[in-house]
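Enquirer: This structure is in structure tokens; I'll ask about it shortly.
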Amino acid sequence: MRISKDEISPAKINNRNTDEFEKMFRLYFVRLASYAHKFIGDFAVAQDLTQSVFLNIWELDGKWNPPGSVKSYLYAALKNQCLNYIKHNRVVKEWQDEESWSRQHNHINMDWEKSDRETKLDYSINKALEKMPEKRREVFELSRTEGLTYSEISELLGITKKTVENHMGNALRFLKDELSDFL
Amino acid sequence: MGVPRVSVVLVITVCKSLLLLIFKNLMIPDQNWTLLAKYLSGEASSQEKEIVDEWRKKTEDNQKLFELLQRVWIHKTISGSKGDVDLEKKWLDTLEKLDDRSSSHQKHLQPEWSEEKKEKGDRFFRVGKVAQYAAAAILLVVTTFAGIFLYQFYAEETPGTLVYKSEIGETLEFQLDDGSQVWLAPKSKLEVPADLNGSKREISLEGEAYFSVESNQDKAFWVYTKNSITKVLGTQFNVTAFADESLLEVQVIEGIVAVEKGNRSQGFGDIILNEGDLLKTDEQLNTYEIHSNVSKSAHSKWRQGVIVLDDLSLDRISERLERWFPMEIILESEGLADKNLTAEFRSSQPLEEILQEISLALNIEYKVDQQTVIFY
């Protein structure tokens, strides 16, 4: 039965259980890579960084001891990898900005008149998310897109659960205001 | 002494119900937004859920707002583009690096890996090409000889049958004696004669399987299901025929395939399917539809552990999920069965996450009791 949310056992991985390691990899790789993609414009690099998170755990050689849940450890470790990468590769960051600009540009070129309600809504949701203060958006997307629980987000970002709740509530109210045309 | 105490209790009770009343009727900004957020992200307690549910029912505007926000949640499947990740390749690559890091070898091994990888890629490409030529050949042969193959079915039981059976959540991949490759979906059964190189290539299937048939122009490849026969010379196709679903689906990925009903006296005779065609029949009704140019991956993604729900009703979804996860799904009211959903999940995803997304999309609830899931 796969009911439990976090079924990976760090103890097994520390005991060099490759099955357990593979399970963790398969469970999280795609989600983590798409999370890294938010920081790193180049998806191939995002995947490499994700891979290195897994390799690093293996390299800890039996001394892996995540303080909270496995999931929040993975996200935190990956975020650090991404931030380090950006710090050492300013060029990449610029490239990413350029790309995200062109992505936005595509949005602007969208034919509003000819689009259906769903497309318009999707577009407006994206726009609204872009306008959100960074921290709030981060919390919101970790919950919504990455499916992290409030406690996992609080562990990952080092904020209290109450703050997570507030960010989430504010994000929702903000979205409602931005999307009032669709009501 | 007794009198004041009673009144204090009374006052507190009145205040409490008054507060609750205000809470339920008005949109108190901050508190209710966090409550709604909790509800949508699956963090709400059952008590909090009740408050939100009641608030929704209060006015149409509330319900509209709720639906909009719910839509924002579902929107993630569209906007959260996960890009294309070949998880299998990524894992093999990781495994190689893992081995290298464990054994303390020198770093200069790296170039060798990449060459090896390249070779693998080339080989894969070559196989793909051969398959393409084979399919081109079949195209001609089948159209020419279709008449000859039409009415030779009902094989006798051959002694010595190999039975492949997949368990819940398990997909099997194996090669048959004639070189054909088969992928078997969870909870499916394939019976193959021990001697496939005899006069006929005939196998029977209950469940779902993907076939990449080795080309042999002298010997057609026959797939028998409860009520149908699918025959080919060499091609790639997917057959779905579960005993508990009175439904047969055949999708052709490459080449041409002929399908006929087992019981021809009342059936629809022979159907020729071309590349990209998807045949859907409800055998009880004796009707069928052919959809052309259907996405080729839609019906074969399960081989990579992707559960594709293509505009399926909740009862069909339940049947499907029960094959991937060891559990029983109960629909508490009959109206639920007809709710349709299009979605994609990975079998590696936690079940809880899948259930949450389904109930959110269909605006229903679920609860889990040991091995039983109840939608209500």
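The values are calculated or read from the model by the stated rules, or taken from the named source; none is laboratory data. Here the structure is a predicted model, which is why all the values come from computation and not from measurement. Cβ: placed from backbone, ideal geometry, glycine included. Neighbour counts: every protein chain shown. Please note that ligands, DNA and RNA were not included when accessible areas were found on the heavy atoms of the full protein model with its side chains. Shrake-Rupley method; radii C 1.70, N 1.55, O 1.52, S 1.80 Å.
Enquirer: Can you pull out the residues in region B:26-57 that are open to solvent by 60 Å² or more (accessible area, probe 1.4 Å), at pLDDT 85 or above and in contact with a Lys or Arg (Cβ under 8 Å, 6 or more places away or on another chain)?
Expert: The answer is B:Glu54, and nothing else.
Enquirer: Next up: From (1) crowded, with 17+ Cβ neighbours inside 10 Å; (2) more than 10 Å from every other protein chain (Cβ to nearest Cβ); (3) in a helix (DSSP H, G or I), pick out the condition that doesn't hold for A:Thr50.
Expert: Here A:Thr50 clears every test but (2).
Enquirer: Would you confirm whether or not region B:186-195 contains a residue that is at pLDDT 75 or above, open to solvent by less than 50 Å² (accessible area, probe 1.4 Å) and more than 24 Å from B:Leu247 (Cα to Cα)? First the steps, then the outcome.
Expert: Initial filter on region B:186-195 (at pLDDT 75 or above): B:186-193.
Within this subset, residues satisfying the condition of being open to solvent by less than 50 Å² (accessible area, probe 1.4 Å) are B:186, B:188, B:190, B:192-193.
Next cut, more than 24 Å from B:Leu247 (Cα to Cα) only: B:193.
Within region B:186-195 (the criterion being at pLDDT 75 or above, open to solvent by less than 50 Å² (accessible area, probe 1.4 Å) and more than 24 Å from B:Leu247 (Cα to Cα)), the answer is yes, since at least one residue qualifies.
Enquirer: If you check B:Leu321 against the conditions, is it closer than 14 Å to B:Val308 by Cα and touching a helix residue (DSSP H, G or I) at 6+ places or on another chain (Cβ under 8 Å)?
Expert: Judged against the criteria, B:Leu321 is a match.
Enquirer: Still on this model: For region A:161-181, does any single residue satisfy the condition of being at negative phi, open to solvent by 30 Å² or more (accessible area, probe 1.4 Å), among the aromatic types (Phe, Trp, Tyr) and modelled with pLDDT under 85?
Expert: no
Enquirer: Which of the residues spanning region B:253-280 are among the acidic types (Asp, Glu), open to solvent by less than 20 Å² (accessible area, probe 1.4 Å) and at pLDDT 75 or above?
Expert: Step one: filter region B:253-280 for residues among the acidic types (Asp, Glu), giving B:254, B:260, B:270, B:275, B:277.
Restricting the remaining residues to those that are open to solvent by less than 20 Å² (accessible area, probe 1.4 Å) gives B:260, B:277.
The one that is among the acidic types (Asp, Glu), open to solvent by less than 20 Å² (accessible area, probe 1.4 Å) and at pLDDT 75 or above: B:Asp277.
Enquirer: Going through region B:351-376 one residue at a time, which ones are within 12 Å of another protein chain (Cβ to nearest Cβ), over 13 Å from B:Gly169 (Cβ atoms) and at pLDDT 85 or above?
Expert: B:Glu352, B:Glu353, B:Leu355, B:Gln356, B:Glu357, B:Leu360, B:Tyr366, B:Lys367, B:Val368, B:Thr372, B:Val373
Enquirer: So, B:Val250, is that one assigned to a strand (DSSP E or B), of a type in the set (Val, Ile, Thr) and either loosely packed, with under 15 Cβ neighbours inside 10 Å or at pLDDT 75 or above (or both) or not?
Expert: Against the criterion (assigned to a strand (DSSP E or B), of a type in the set (Val, Ile, Thr) and either loosely packed, with under 15 Cβ neighbours inside 10 Å or at pLDDT 75 or above (or both)), B:Val250 qualifies.
Enquirer: From A:Lys63, A:Lys79, A:Lys71, grab the single residue that is touching a residue at least 40 places away in the same chain (Cβ under 8 Å), assigned to a loop (DSSP other than H, G, I, E, B), more than 9 Å from chain B (Cβ to nearest Cβ) and among the charged types (D, E, K, R).
Expert: That would be A:Lys63, the only listed residue that is touching a residue at least 40 places away in the same chain (Cβ under 8 Å), assigned to a loop (DSSP other than H, G, I, E, B), more than 9 Å from chain B (Cβ to nearest Cβ) and among the charged types (D, E, K, R).
Enquirer: In region A:115-144, which residue that is within 11 Å of chain B (Cβ to nearest Cβ) and among the hydroxyl-bearing types (Ser, Thr, Tyr) is most open to solvent (accessible area, probe 1.4 Å)?
Expert: A:Thr119
Enquirer: Something else: I'd like the full set of residues that are among the charged types (D, E, K, R) and more than 10 Å from chain B (Cβ to nearest Cβ), limited to region A:10-24.
Expert: Of everything in region A:10-24, those that are among the charged types (D, E, K, R) and more than 10 Å from chain B (Cβ to nearest Cβ) turn out to be A:Lys12, A:Asp19, A:Glu20.
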